[in-house]
1. Have a look at C:LEU5, C:LEU21 and point out the one that is crowded, with 18+ Cβ neighbours inside 10 Å and assigned by TED's automatic domain parsing to the domain that holds C:LEU67.
2. Please list, ordered by residue number, the helices (runs of 4 or more DSSP H) wholly in region C:202-296 having 1 or more residues that are within 24 Å of C:VAL182 (Cβ to Cβ).
3. With region C:523-629 as the region, which helices (runs of 4 or more DSSP H) entirely inside it contain at least 3 residues that are at pLDDT 85 or above?
4. Taking C:ILE519, is it under 24 Å from C:LYS402 (Cα atoms) and surrounded by 11 or more Cβ atoms within 10 Å (Cβ to Cβ)?
5. Only one residue in A:LEU22, A:LEU34 is over 9 Å from the mean Cα position of the chain (by Cα) and either touching a residue at least 60 places away in the same chain (Cβ under 8 Å) or part of a helix (DSSP H, G or I) (or both). Which one?
6. Residue check: is B:ARG77 of a type in the set (Lys, Arg), in a loop (DSSP other than H, G, I, E, B) and at pLDDT 75 or above?
7. Suppose we filter region A:10-26 for residues that are small (Gly, Ala, Ser) and more than 7 Å from chain B (Cβ to nearest Cβ); how many remain?
Amino acid sequence: MTQIPLEHGLLLASALFTLGLLGFLVRRNLIIMLVCVEIMLNAAGLAFVMAGAHWGQVDGQIMFIFILTMAAAEVAVGLAIILQFHWRYQSLDVDQASTMKG
Amino acid sequence: MNWMFYIVAAITLIATVRVITHPNVVYALLYFVVSLLSVALIFYMIGAPFVAALEVIIYAGAILVLFLFVIMMLNFREEHETHWLRKRIWAGPGVLCAALLAVTIAFIAQGPMVSGFYRTIEPSEVGNALFGPYLIAVQLAALLLLSGLVGSSHLRRHERGSLLRKPEGGDSQ
Amino acid sequence: MYDLLWLIPALPFVGFLILTLAARSLSQRVAAVIACGTVGVSAVLTLGMIAGFLWNPPADYAHTVTLWQWMPLNSLEIAFNLRIDALSLVMASVITVVGFLIHLYSSEYMQGDEAYTRFFAYLNLFVGFMLILVMADNFALLLLGWEGVGLCSYLLIGFWYQKPENGFAARKAFVVTRIGDVSLLVAVFLIFSELGTLQLSEVLALAPDRWAEGSTTAWVVSLLLLGGAVGKSAQLPLQTWLPDAMAGPTPVSALIHAATMVTAGVYLIARMHGIFELSPSAMTVVALVGTVTLLTAGCAALVQSDIKRVLAYSTISQLGYMFLALGVGAWAGALFHFMTHAWFKALLFLAAGSVIAALHHEQNIHRMGGLRKRLPVLFWTFVAGAACLAALPLVTSGFYSKEKILWDVWISPLGGPWFWSAAILGALITALYSTRLIMLVFFGEAKTEVSHRPGKRSSFVLIVLAVWSLIGGGIEVPHNFGHLTLLSNFLETAIPASVELPPGLDLQLWILLLVASAIVTGGVLATVWLYGSGSPLRQKISDRTSGLQRFWLGGWGFDTAYDRLLVQPIVWLSQINRRDGVDGLCRVAVSLGRTGHFLLSTTQQGRLRRYAIGISAGALALLILMLLQ
């Protein structure tokens, strides 16, 4: 068991989160966008577990489990939407779905 | 053993960068698996073996397999994004995300350095906490999963006249 | 017995609710059964109440049932109280029984109409509100019923709303009666501020203590109440809505615009008799309004060519008789005429409806004719109704009720020979136009084919109403033959006795009776001769008076005058007020909202990634703010 400073762990988490966000903003493929959302969720989970480990508390891990649950549900719904999207547009380009504009 | 953490962290970051830059979806997903496995390793190193196992089993296992299933189901032609991923596109979001990262680092740097109380947390401890004080949250999570199930099974329907209509003339403006 | 009182108004409301909520799933037959059934049970209950009332009268001859507290305020508690006494029972019995018969008639008459259920829903709602109106124990409840029947009248006049002129007629009825309603409302406020109560019985008990006889307050309150009554009962000067209200289905004209709702004004004045008695000059105003109305409306009825408009003007004129009776203090006479009028005018309207239906919806009497042989049932019932309207001596109920009013007018200190002669003139005019109607519709040569004959239910209703119109006058027979005063005796428990009969006037009474009978019979015979013999005199009269005829056809030019004096100035004012400063302010607000909407809607691009950028930029801004603090 290593004693990593909390700050370094949080730095890693925020770097991961930012990368996920960057991917979400740049990519146009819906599946990759969903993956990027997963990266961001994972980063948040990492921050929780990091802080929990730092204080020797169990709550961080509990939060990670809940994030995991939520991610699973979200992926299920998201993938269903992707299927529907592909059936409608014959493509996964998110920019094609732009009819709902003011 | 701290150096191991930094190596693994570096692997994670590199893998994640590849996820968001690789034009091929399947490869991107494989890089994501690498990223998840290395995060699991970090979990193990900081004394959370239970969530490390969950990360591998559920994230890298179940969820990623789900992604692959969908890709197989859609059976689409190799839809490379190379022509979408021009350098210019990266500029704006890159600046934005860099600023976000800088602010976050500033936040982390602001906090006082405190020495932690590190120990390995056994799976049994996690289980006791889950079914003790967090029982209601577990039930809510069950509800969430159920609604996810219902929602996805409803959304994937293909029939005409289902939730989403096929785009035709006179759809919107 | 009285425990079931609440059911009387509740049942029609229940019918209304069922018909409204389950409108789509009910067949026409079921809807008709529900509508007729609820009103029919109400009618039976009302008659039972009357029987119980006669058999075993409650203390003070009035019974009040408190259903629930309606508006409990600090100093004032308005309860949902129903009160029955002789007056409200007479009103309620006419409403429910005539209402039931008209429901029965409509179940056949309206067959095939798309909105069959809606029609019966409105009709039931009307009966419910009308019962609330006559059984209310306080002014708040009375106003609820008052406005409720106004609403139903509006809905039913505009029942066939696809035609714009029907909607116009409905709006006109609503707006014109509204003028009277405001007057009634002010009267209620005044009564409350002066007497501190809205309870009808308390108002009547307190009024003589607070206001001296002939006091200005009593005068003002009486006139304001009269204003409300005038609006609802279509008396001068607010009578213009009733002829146009004939746009509604004919059973509606029979129920609302002849038998029940328009007599609400009569009920109001009879109910508030205590206040009117404090102000003899207001009583005289009531009598004057009645007299002028009965003459003008009678003249207008003489020249109308639409069968329903003839009947509408005749309704206004007969209501004028009731107001005249109220004005001279002949309370029982007015109520008696209300009863007989409800019977025979409902009969006339329903028979007219059958005639119209038989002739391809032809309403012009000049294109009718010769129906006597082809529609015998309609002919005989219509003749019975018209005879009652003309007050043909001895055999008709209209004769007895009109005779009672004439006699009371003669002997009342508030009446006198002038009012009497005007009323006799009105009776002559009534005889003339009712006979003219019969002659034009049923005699002469046939001008339109008969396409449809009245069915069993319609004929049954018509015959019942005709029989009752002929014999119903027997409940109140003049002093000099028979002296039967069943109705007066009954009503005396609620409102003061009619004009007291000084002794030793038998000879006068006989003379007046004979004069009236002679004039009426003469009028009828003269008209029969004029139209039956084909004499050139008819053409001559018609030519000489063509200008007058046009004037009367337009109802004495009231509509034109109101249009010139009120409507057009208001339209002009609102047109020049269209673009003033206040409007400019509103416009600025509108254009601001529009610009804001335009700016915001441009940000709505439908691009998911742009939204994500917006979200992260917002989060970044928030974080920077926190960092700087």
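The values are calculated or read from the model by the stated rules, or taken from the named source; none is laboratory data. Everything quoted here is computed from the prediction, not taken from an experiment. Backbone-built Cβ (ideal geometry, glycine too); neighbour counts: all protein chains shown.
1. Only one candidate passes the filter, namely C:LEU5.
2. C:216-232, C:241-244, C:264-271, C:273-277
3. Details: elements: C:536-544, C:546-553, C:558-562, C:568-576, C:581-603, C:608-628.
Because the criterion is at least 3 residues that are at pLDDT 85 or above, the helices (runs of 4 or more DSSP H) in region C:523-629 that meet it are C:568-576, C:581-603, C:608-628.
4. So C:ILE519 fits the description; yes.
5. None of the others qualify; the one that does is A:LEU22.
6. no
7. Of the residues in region A:10-26, the ones small (Gly, Ala, Ser) are A:13-15, A:20, A:23.
Still in the list and also more than 7 Å from chain B (Cβ to nearest Cβ): A:13, A:20.
Going through region A:10-26 one residue at a time, the tally reaches 2.
For (1) in contact with a Pro (Cβ under 8 Å, 6 or more places away or on another chain); (2) at pLDDT below 85; (3) surrounded by fewer than 18 Cβ atoms within 10 Å (Cβ to Cβ); (4) basic (Lys, Arg), each residue gets a yes or a no:
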{"residue": "C:PHE419", "(1), (2), (3), (4)": "no, no, no, no"}
{"residue": "C:ALA423", "(1), (2), (3), (4)": "no, no, no, no"}
{"residue": "C:SER434", "(1), (2), (3), (4)": "no, no, no, no"}
{"residue": "C:PHE460", "(1), (2), (3), (4)": "no, no, yes, no"}
{"residue": "C:VAL467", "(1), (2), (3), (4)": "no, no, yes, no"}
{"residue": "C:GLY482", "(1), (2), (3), (4)": "no, yes, yes, no"}
